[in-house]
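Here the structure is laid out as structure tokens; the discussion comes afterwards.
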Amino acid sequence: MILGNAIGIDIDGVLADFTSGFAPILSTIIGIVFPKNPNVVWHWPQHWGVSEAYVEQAWKEVMQDDTFWLDLNPLPDAIENLERLSTLRYTGVDVYFLTYRMGVKAKWQTERWLSAFGFPQPTVLLSTQQKGYLVSGLNLDAVIDDKPENVLDIKRM
């Protein structure tokens, strides 16, 4: 398998279980418990019928939390995949972690999380929701992302 010289990997929904971390915050705000969902959820109002105002309030809590990103659980196979990616970079492939994360020490939390789960000294790049320009600027050969909007934005570049 040839991957190229530079690859980009999204984190939330690809390696980290964002949904299980975000749902309890939203549950506390709304006062209901969301059922366990094995899939990543990005559009909470459409998926669960909650208001945008509640989602925004939950995001405000995430952005003030200096451990939210650090405390997310890895998705199944994430640790194995991080170890493989770590080995891959020693063959000359540049590995970039591209993520749309906000808040207190978001980059630092992400770097610690990746190191703890098998990828020491990661290159983490915080991006906007549209990752196309970042991918284009880095001249990446391959990108793994779970959000359809990001895939389409990258494809347009």
note = Given a 1.4 Å probe, the accessible area of the chain per residue, as a whole number of Å², is 56
inquiry  = Can you list residues from other chains, or at least 5 along the same chain, whose modelled amide H is less than 5 Å from the amide H of Ala16?
reply    = Leu75
ask   = Can you put Ile144, Ile9 in order of accessible area, largest first, using a 1.4 Å probe?
value = Ile144, Ile9
request  = Taking the Cα centre of the chain as origin, work out the dipole magnitude from +1 charges on Lys and Arg Cβ and -1 charges on Asp and Glu Cβ, in debye rounded to 20.
outcome  = 200
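Using heavy-atom solvent-accessible surface (probe 1.4 Å) with all chains present, what is the largest-first order of Leu140, Leu114?
Leu140, Leu114
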request  = Using a Gaussian network model of the chain whose springs link C-alpha atoms within less than 10 Å, name the residue from Glu52, Glu111, Glu61 with the highest mean-square fluctuation.
outcome  = Glu52
key: Residue-wise HN-Hα coupling along the range 93-101, computed from phi with Karplus coefficients 6.51, -1.76, 1.60 (Hz; x: Gly, Pro)   = 8, 7, 10, 10, 9, 9, 8, 9, 10
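For a quick check of your reading of the filter: which chymotrypsin sites (Phe, Trp or Tyr not before Pro) in the range 21-95 sit in a DSSP loop and have no more than 14 other Cβ atoms within 10 Å?
Within the range 21-95, the qualifying chymotrypsin sites (Phe, Trp or Tyr not before Pro) (loop, at most 14 other Cβ atoms within 10 Å) are Tyr90.
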inquiry  = Can you return the lysines within cross-link range of Lys155? Criterion is Cα-Cα under 29 Å, with same-chain partners fewer than 8 residues away left out.
reply    = Lys107, Lys131, Lys147
request  = Sum -39500 (n - 2.57) across every DSSP H segment of at least 4 residues in the chain, then divide by the residue count to get the 222 nm mean residue ellipticity, nearest 500.
outcome  = -13000 deg cm²/dmol
ask   = Ser20 accessible area, nearest 10 Å², 1.4 Å probe?
value = 60
task = Report, in degrees rounded to the nearest 10, the 0 to 90 angle that the Cα long axis of helix 78-89 makes with the longest principal axis of the chain.
result = 30
inquiry  = Could you give each residue of the range 132-137 its phi-based ³J(HN,Hα) in whole Hz, using Karplus coefficients 6.51, -1.76, 1.60 with θ = phi - 60°, and x for Gly or Pro?
reply    = x, 5, 5, 4, 5, x
key: Accessible surface of the chain, 1.4 Å probe, proportion on carbon and sulfur as whole %   = 54
message = If you restrict to DSSP beta bridges whose two residues both lie in the chain, what percentage is antiparallel, to the nearest 5?
response = 10
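The values are calculated or read from the model by the stated rules, or taken from the named source; none is laboratory data. Just so it is clear, the structure is predicted and the values come from calculations on it, not from any experiment. When we count neighbours, we look across all protein chains shown, and the Cβ atoms used for this are built from the backbone with ideal geometry, even at glycine. In case anyone asks, the SASA skips ligands and DNA or RNA and just uses the protein heavy atoms, side chains included. Shrake-Rupley method; radii C 1.70, N 1.55, O 1.52, S 1.80 Å.
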